[in-house]
Amino acid sequence: GGSPQLLSMRELESLPPWPEELVPALGSMARIVVGNRQIICARAEFGLQSGAVAGSCAIRGILHRCDPWLGDSTEGCFIGDQLRGRVALIGRGGCRFTEKAERAQRAGAVAVVIVNNADLLFNVLGQASDIRVPVVSVTKSDADTLEDGVVASVIWGLHPASVKGVTG
């Protein structure tokens, strides 16, 4: 598959800081950064970012709004490697979360973002040890602001205090 593109130290240092009130939730949250804007996400129960071994990471890719939107078949963008290097946005519903992630990973996605059908964060539950890409969830209104084709970074576990040389 396409190997994920990791952010350099300089790029990490230029990230907007975690919102102060969410620092206690670093272990269960993630964020998507597009330019200088960040969207707070919930981490899935499975995938690269799950569990204590996940540590922290930042993976970059091109946002891709999937078709079929629910990721409930192997048609459209899930054929071949059409999602190579992409951060796949997939709607909630239609099939299990793990199936959506498996299809996206097989098509080359570097990360999977499950979009809720309401304006609240939700837990993406499921067990799948073979999913090696990060999986996170976002609210419907946050997802509506994400444009197809822009570069986005999916980041978790990185507390600004742990990045040396940050200037205001």
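Screening Ala88, Ala107 for residues that are farther than 20 Å from Leu22 by Cβ and in contact with a strand residue (DSSP E or B) (Cβ under 6 Å, 6 or more places away or on another chain) leaves exactly one candidate, Ala88.
Of the residues making up the range 95-106, none is open to solvent by less than 30 Å² (accessible area, probe 1.4 Å) and of a type in the set (Phe, Trp, Tyr). Checked against (1) surrounded by fewer than 21 Cβ atoms within 10 Å (Cβ to Cβ); (2) out of contact with any strand residue (DSSP E or B) (no Cβ under 7 Å at 6 or more places or on another chain); (3) modelled with pLDDT of 90 or more; (4) aliphatic (A, V, I, L, M), Ile131 passes all but a single condition, namely (1). In the range 9-29, the residues that are under 16 Å from Cys41 (Cβ atoms) form Cβ pairs under 7 Å with partners that are at pLDDT 75 or above and in a helix (DSSP H, G or I), at six or more places apart or across chains, as follows: Met29/Leu22. Inspect all residues belonging to the range 60-74 and state whether any of them is over 17 Å from Ala143 (Cα atoms) and surrounded by fewer than 16 Cβ atoms within 10 Å (Cβ to Cβ). Yes, the conditions are met somewhere in the range 60-74. Among residues of the range 57-77 that are in contact (Cβ under 8 Å) with a residue 12 or more places away in the chain and under 21 Å from Ser153 (Cα atoms), those with a beta-carbon under 7 Å from a residue that is charged (D, E, K, R) and part of a loop (DSSP other than H, G, I, E, B) at least six positions away or on a different chain give the pairs Leu63/Glu147; Leu63/Asp148; His64/Asp148; Arg65/Asp148; Cys77/Asp67. Against the definition (touching a residue at least 40 places away in the same chain (Cβ under 8 Å) and either of a type outside the set (Ser, Thr, Tyr) or within 24 Å of Lys140 (Cα to Cα) (or both)), how does Gly85 come out, yes or no? Yes; evaluated as a whole, the condition is true for this residue.
Quick grid of which residues meet (1) modelled with pLDDT of 90 or more; (2) assigned to a loop (DSSP other than H, G, I, E, B); (3) closer than 19 Å to Gln127 by Cα:
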| residue | (1), (2), (3) |
| --- | --- |
| Arg10 | no, no, no |
| Pro17 | no, yes, no |
| Val23 | no, no, no |
| Val33 | yes, no, no |
| Leu48 | no, yes, yes |
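Checking each residue in the range 75-84 for being open to solvent by 70 Å² or more (accessible area, probe 1.4 Å) and in contact with a Pro (Cβ under 8 Å, 6 or more places away or on another chain) picks out only Glu75.
The values are calculated or read from the model by the stated rules, or taken from the named source; none is laboratory data. Note that the structure is predicted; figures quoted are calculated from it, not measured. Every residue, glycine among them, receives a Cβ derived from its backbone with ideal geometry; neighbour counts consider all protein chains shown. Areas reflect the complete protein model, heavy atoms only, side chains present, ligands, DNA and RNA absent. Shrake-Rupley method; radii C 1.70, N 1.55, O 1.52, S 1.80 Å.
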